[in-house]
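Input: a single structure, listed below in structure tokens.
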Amino acid sequence: MKIAVLIKQVPGSESSLSINNAQNWVDESSVTFVMNPPDNFALEEALLIKESRGEGEVVVVSMGPSRVTKVIREGLAKGADRGIHLEEDDPMEIDPLTIAQRFTAVLKEENFDLILTGLQSDDTGMGQTGVLIGEMLGISTATLAIETDVMDGQIKVKRELESGWFQWVQLPLPASISIQSGLNTPRYPSLKGIMGAKKKEIKAIHASELYNGTKSQLMNSIFLPTTSKKTEVIEGEVDQVVEKIVEILRSEIKVI
Amino acid sequence: MDILVVLENNHGSLHRLSKEAIVGAQRLGDSISALVIGKGANEIADQLTGYDLEKVITVSHELVSSYNADGYSEVVMQVAESCSPKIILAGHTYQTRDFMPRVSAKLAIPFIPDIVSISDEGFVKQVLNAKFNAEMSSTSDKMILSFQSAAFSEDELRSGSCSMEVFEATLDVNNVRSMSEEPFQEAEGDVDLDSAEVLVSVGRGIEKEENVHLAFELAKAMGAEVSASRPVVDSGWVDSFRQVGSSGLNVAPKLYFSLGVSGAIQHVVGIKGSKNIIAINKDPDAPIFELADYAVIGNVLEIIPKLIEALNN
Amino acid sequence: MDSISFSFFEKFILAGLTLVALASFTYEVYQRLVIVLKGTGSLPFDRFPERLSRVFREVILHEKVIRERPWPGIMHALVFWGFLVFGIITLDHFSIGFYKSILSESAHKKYSYIVIPFSILVIFGILSLTYRRFITKPKALGKTSPSSGVVAFFIVALMATYLIGEMNISRFLWKVNWWIHSIIILAFLFLIPRSKHLHLVLGPFNIFFKPFDQPEHTPVNIDLEGDEDELDAMLTDLTKLTQNQALDIFSCVECGRCTDVCPANRGGGILDPKHHFILDMREPLLENKDVAVLDQINVEAGWECTTCQACTEVCPVGNHVEKSDEIRRLEVLVEGRVPQEYQKLFTNLQETGNTEGASSSELADSLPVFTPEKEYVLWLGCFARHGLDPNFNRSVKNFTKILDVAGVSYGVLDQEHCSGDPANRLGDKLTYTMLREHNMEQLTDTKKVVTLCPHCAVNLGKEYEKYGTVSYTVEHHTQVVGRLMEEGKIKVQMGENGKVTYHDPCNLSRILDIEDEPRTAIRSTSSNFQELEESGRNTLCCGAGGALWWKKETQGRTHLVRAEQVIESGADTVVTGCNFCYGMMKQGLGPLTPEGREEVLVKDVADIVAENLI
């Protein structure tokens, strides 16, 4: 069983982030980059599937500048067998269709049985890559899997729905599944894993050679959310206060 | 038509986010049609007759009687190919995330998801865990959009009238390969604070264990979950999995409603990501008020019972 | 009774039985020693006179046994001293059987004036202990131990048969009595190595070999660029006990003092040091006849340990009980099984060199930078540097105020990374290596380091030294404050502090052996000072040790047990000498303070001194 795990390297959530001069992304010089946390769960799921079947190959695929080899090595240290690095120049591509086309070009040749992705990335959060790739490869898709059950030629997936509902879906393999965070406990790389990762193969391919069509979507600029934290003070008689709160809940925050 | 709004059936009634999506559509264009798919489509369509829409299209093919990504994306593509809308739009729900990218790839048009507002040059979505907003735009005149919960308010729905139309989709087992079972709920006790939209949080200001039930009742009235600060958990008044703060969970709900929480630093660090914070505390100097959007200075034990009453009516 | 003689046949039987008993005894002891010698490292003989003196105090004088549990301790001392006194008697007893008495009749009579009273004391002692074990049944002693019952019976019977032997009875009865005494002794020999009573033999040796420093864990040298086979061998070795550790396991007397004092156990956790860190490995040791048994340690229990060393401190037979280092490093380095909250911690340390993943420090920016002509590097530690409790920043500033008043120059290191204590105590020796190598480089030109964090002090000094030469000295800030007071460079006056108590941080009092300086400082500023129940080297850990500060406390009250004690003491202020203890006290005291009482104030030693500077 061949499983591809698509991993993205994103700014760490504790990094201090400030907007760059061009105002179209953050200033990356002071950023600490990490493996996109949702992708960590996808990787763990892939490793668990391989281990439970007693056979298989897990391939980590990542697109980005040279620094992303770090997250590929991390994946290898945790147990993936080899990696593929889609080398990307500045600026970072954000158009989901372009990104998906590039991955599809690489994945198509290898005939993976299963493609796993995290539910979305912590940077742009478009949440589409896995499904787009599935459509482009002509295979079935499912998202927000909180449980997977791989059988021969089929996969059963428990999808998480809103408000505590769930749904089981059965798909033929090959399939592209996006993984909901929290379904497993990602492992830490063992020392042997870290040593062994140095020897595992990472194939590098230039992303623009794979697809360089027109971008369908652009990120024009980024800016700080304008909702200023102005604290509205509410005091007074209990009944008035309660009335005000109900109004806020209904019209301003809109949760009832 | 200008805009095709794909609606979602929420266990028999029209999903709130679908209504909000229609409001968004009404902002963007004039000629708006809605699409309802699957079992119960006609009943949902009936609920729309008072809305200002051109028409409601229903699709009732048996292969999409319950939701599946293959079928829904195929249907939307076929409807879009037949009616050529400029914009396909929906509420940003788990269902939309599941099939709309398929439509994007099938039609080779961009999908801009989880939009919070419309700007002059494009659409605003949150990035980097909502630390920043980004303006996105499509390079083609055709696009797919989804709106985040509460980007628009259903109060602003323009009423009017619309007609119903049935669309015959062409579906077979070649293009609908997945099989989905009926959705189900799991037993209570599977509390997931992480994904709760609203958290009612209990602090020491609740004073006694006997008063903690007020938080649970308020939560029930709001469809929320209950969380707590560390001292309350340490005192054994609330189960430890509800603890929020530096050694408990970090949460980022849409609304964090705190009752008698002082806002000690170890707690506050766990709630910083909340989109809205209402804090009730009788101490006007409580540190939580620095973080809160709405600071209610008053006695929790007096306010909550009346609030519960007001919400239940 | 030297007119009693034994027939050849009797001597033959006696010889046979004695030989069998001795052979069995020797074989069993030998078997265990063979296993011990398979352990890694070697048994220490350094500081010989100190080791000998320790054996004298703890074995002959029974210092620790009595101090920790006074009444049972004294009862046990009686039995033990009786055992010593009976040495000659036992030899004499067998000598009579084979040949004749080795004592002259007058010597025998004089000696009996000592032995008879002792034998009564022994009976009193053993009956008292038996009552405690089988009737009172304290929890620490665990399940009913049949071997204890047998031994108690043996000892009483031996004393009784001795006393009978001193009486005027018929030859026949005397001989029967003699034989009973002999059989019991031989049965005792048979029983000793197969039960916890092996401590009779191994105890003194184990106490001799006990490490002076605690915690004492084999350093884990990791060279990522090194040979892969060497790394493999090193990882395999991680499951092996050291010789000292193996000896510990056979010496364990199952008294349960370690579990009694364990803060994790007292906080409702499952950790039971007696079983998890010692006894669980005894059967595997004997079955496998090999020392690769560290993977037998219960993993969940292993993660609960605060590494406070209370268990090691209290063990009367000199065991280094705590083994969280061993099991955690197996889980992290070999298995890659790390609780999620610690994975985040390790990543932060690797990426940013601090526990919080922060890229800057306000506190560090507000302090002078170290330059080589300054006297001290003021080592901040992640807790202060990155505001794990922002209130503690005031304590750091109070300490710098003291230094300023005394005219002592200091500065902070710009590139100070975490000393590595969390990584070290959690078993991530790889991240620890990275941090340690970085810090050593930063400290190349440093002569003196002072820090407010005992965890940093322990690592920068003792732990780093296990991996290479350390060219600087490390002082805890209370030592510096104490010295400055002594030298008259700062003067303090008595303040209005109400009732003040001091919580000894476990890393400071037990691991660094610093208890006096903080007290001197406090006493010179407060007239109403009172010790807590468990103080000094017997302090009860606040619960933050072993990197538990960063653990998601989903259950357990380890962190509250000490706070409760502080409240019960009735103190108005609790002073402490560690930023983690400070933070824990601040978190724990609030919720536990009963209604109507003022919350206990928490201060660092630096605070109470700075507040009362003249």
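If I build a Gaussian network model for chain B, linking alpha-carbon pairs within less than 10 angstrom, which residue out of B:V103, B:V244, B:V56 has the largest mean-square fluctuation?
Among B:V103, B:V244, B:V56, the largest mean-square fluctuation in the Gaussian network model of chain B belongs to B:V244.
So for region B:193-312, considering every pair of alpha-carbon atoms, how many percent are separated by more than 25 Å? If you can, show how the numbers build up before the last one.
On the way: 644 of 7140 pairs.
Value for region B:193-312: 9 percent of Cα pairs lie more than 25 Å apart.
When the label point is put 7 Å from the Cα of B:T49 along its Cα-to-beta-carbon vector, which residues of region B:131-162 have a backbone N closer than 19 Å?
Only B:158-162 fall inside the zone, counting backbone N under 19 Å.
Return the single residue from A:V31, A:V242, A:V58 with maximal mean-square fluctuation; model: Gaussian network over chain A, springs between Cα atoms under 10 Å.
The residue with the greatest mean-square fluctuation here is A:V242.
Tell me, what is the FRET efficiency for A:R67 and B:R27 to the nearest 0.05, using R0 = 30 angstrom and their Cβ-Cβ distance as r?
After rounding, the FRET efficiency stands at 0.15.
Is there a quick way to get the dipole size of chain A? I mean about its Cα centre, with the Cβ of Lys and Arg at +1 and of Asp and Glu at -1; what is the value in debye to the nearest 20?
For this selection, approximately 860 debye.
With angles folded into 0 to 90 degrees, how steeply does helix C:429-442 sit against the dominant principal axis of chain C? Use alpha carbons for both and round to 10.
In chain C, helix C:429-442 runs at an angle near 50 degrees to the longest axis.
Taking θ as phi - 60°, what are the ³J(HN,Hα) couplings along region C:312-319 by the Karplus curve (6.51, -1.76, 1.60), each to the nearest whole Hz, with x for Gly and Pro?
With coefficients 6.51, -1.76 and 1.60, one gets 5, 4, 8, 5, x, 9, x, 7 Hz.
What ³J(HN,Hα) values, in whole Hz, does the Karplus curve 6.51 cos²θ - 1.76 cosθ + 1.60 give for region C:282-298 when θ = phi - 60°, with x put for Gly and Pro?
5, 4, x, 4, 6, 5, 7, 6, 8, 9, 7, 10, 5, 6, 7, 5, 4
Across region A:251-256, in residue order, what do the Karplus-derived ³J(HN,Hα) couplings come to in whole Hz, using 6.51 cos²θ - 1.76 cosθ + 1.60 with θ = phi - 60° and x for Gly and Pro?
With coefficients 6.51, -1.76 and 1.60, one gets 8, 9, 8, 6, 10, 10 Hz.
In the structure displayed, which of A:K8/A:K156; A:K203/C:K344; C:K274/C:K323; C:K64/C:K323; C:K429/C:K466 lie more than 18 Å apart, Cα to Cα?
Beyond 18 Å between Cα atoms: A:K8/A:K156; A:K203/C:K344; C:K64/C:K323.
Under a Cβ-Cβ cut-off of 10 Å, what is the net charge of the residues other than A:A207 that fall near it, where Lys and Arg count +1 and Asp and Glu count -1?
My count for the surroundings of A:A207 gives -4.
Which order do C:Y376, B:Y72 fall in if you start with the one that has the fewest other Cβ atoms within 10 Å?
Exposure proxy ranking, most exposed first: C:Y376, B:Y72.
If I stretch the segment between C:V299 and C:F190 completely, what's the gain in nm (0.36 nm per residue apart, minus their alpha carbon distance), one decimal?
Full-extension gain reported as 35.7 nm.
May I ask which residue of B:S274, B:A224, B:S201 lies farthest towards the positive end of the charge dipole of region B:193-312, with charges of +1 (Lys, Arg) and -1 (Asp, Glu) on Cβ and the Cα centre as origin?
So the residue we want is B:S274.
Given 4 °C and 1.567 mPa s, compute D for chain C with the Stokes-Einstein relation, Rh being the Kirkwood radius over Cα pairs; round to the nearest whole µm²/s.
My calculation gives 48 µm²/s for D.
Give me C:W550, C:W71 sorted ascending by neighbouring Cβ count inside 10 Å, so fewest comes first.
So the ranking, lowest neighbour count to highest, is C:W71, C:W550.
Using a Gaussian network for chain A with springs between C-alpha atoms less than 10 Å apart, which of these wobbles most: A:G56, A:G79, A:G118?
Of A:G56, A:G79, A:G118, the most mobile in the Gaussian network model is A:G56.
Using only the alpha-carbon atoms of the protein assembly as shown as identical scatterers, what base-10 log of I(q)/I(0) does the Debye formula give at q = 0.04, 0.05, 0.07 Å⁻¹?
For the protein assembly as shown at q = 0.04, 0.05, 0.07 Å⁻¹, log10 I(q)/I(0) is -0.30, -0.45, -0.81.
Taking the Cα centre of the protein assembly as shown as origin and charging only Cβ (+1 Lys, Arg; -1 Asp, Glu), how large is the dipole, in debye to the nearest 20?
Values: 111 positive and 160 negative charges, 1081 e Å.
Dipole size: approximately 5200 debye.
Only helical DSSP H runs with n ≥ 4 go in: add -39500 (n - 2.57) per run for the protein assembly as shown, normalise by residue count and round the 222 nm mean residue ellipticity to 500 deg cm²/dmol.
-12000 deg cm²/dmol
In degrees, nearest 10, range 0 to 90: what is the angle between the Cα axis of helix B:69-83 and the longest Cα principal axis of chain B?
On a 0 to 90 degree scale, this one is about 50.
Taking Cα atoms, how many degrees apart are the long axis of helix A:69-78 and the longest axis of chain A, rounded to 10 and kept between 0 and 90?
70 degrees
Figure the gain on full extension for C:D414 and C:I614 (residue separation times 0.36 nm, minus the Cα-Cα span) and round it to one decimal in nm.
Going from the current span to full extension adds 68.8 nm.
With charges set only on the Cβ (+1 for Lys and Arg, -1 for Asp and Glu), what does the dipole of chain C come to about its Cα centre, in debye to the nearest 20?
2940 debye
Hey, what D do you get for region C:350-485 in µm²/s if you plug the Kirkwood alpha-carbon radius into Stokes-Einstein at 4 °C and 1.567 mPa s?
It diffuses with D of about 86 µm²/s by this estimate.
Amide H neighbours of C:C262 under 5 Å, at least 5 residues apart or on other chains, H built in the peptide plane: list them.
Amide H neighbours of C:C262, under 5 Å, 5+ apart: none.
Put one equal scatterer on each alpha carbon of region C:228-335, apply the Debye formula with no solvent term, and list log10 I(q)/I(0) at q = 0.10, 0.15 1/Å to two decimals.
Reported log10 I(q)/I(0), two decimals: -0.27, -0.59.
For a quick check: with amide H placed at 1.01 Å from N, whose amide H comes under 5 Å from B:M164's, ignoring anything fewer than 5 positions away on the same chain?
Those lying under 5 Å, H to H, from B:M164 are B:V56.
When the label point is put 7 Å from the Cα of C:V150 along its Cα-to-beta-carbon vector, which residues of region C:190-230 have a backbone N closer than 16 Å?
Within reach of a label on C:V150: C:190-200.
With viscosity set to 1.002 mPa s at 20 °C, what whole-number translational diffusion coefficient in µm²/s follows for region B:3-166 from Stokes-Einstein and a Kirkwood radius over Cα pairs? Show your work: numbers first, answer last.
Details: Rh = 15.7 Å.
Translational diffusion coefficient: 137 µm²/s.
FRET efficiency for C:L286 and C:I74, Cβ-Cβ distance as r, R0 = 35 Å, nearest 0.05? Each step should come with its number before you reach the end.
Working: r = 33 Å, r/R0 = 0.95.
It comes out at approximately 0.55.
If you stretched the chain out fully between C:L37 and C:S5, how much longer would it get, using 0.36 nm times the residue separation minus the C-alpha to C-alpha distance?
Working it through step by step, the gained length comes to 7.1 nm.
Please arrange C:D248, A:D95 by how many other C-beta atoms lie within 10 Å of their C-beta, fewest to most.
Details: C:D248 27, A:D95 21.
Ranked by crowding around the Cβ, least crowded first: A:D95, C:D248.
Considering the zone a paramagnetic label at C:F212 would reach in this model (a point 7 Å from Cα along the Cα-to-Cβ line), which residues of region C:441-481 have amide N under 13 Å from it?
Correct set: none at all.
Given a Förster radius of 51 Å and the C-beta distance between A:I19 and C:D516 as r, what FRET efficiency does 1/(1 + (r/R0)^6) yield to the nearest 0.05?
That gives a FRET efficiency of 0.40.
Please average, across the residues of A:131-138, the number of beta carbons from any other chain that are within 10 Å of each residue's own beta carbon, and give a whole number.
Partner Cβ neighbours, averaged per residue: 5.
Here, each number is a calculation from the coordinates, and none is a lab measurement. Since this is a predicted model, take the numbers as computed values, not measurements. Neighbour counts run over all protein chains shown; Cβ positions are idealised from the backbone, glycine included.
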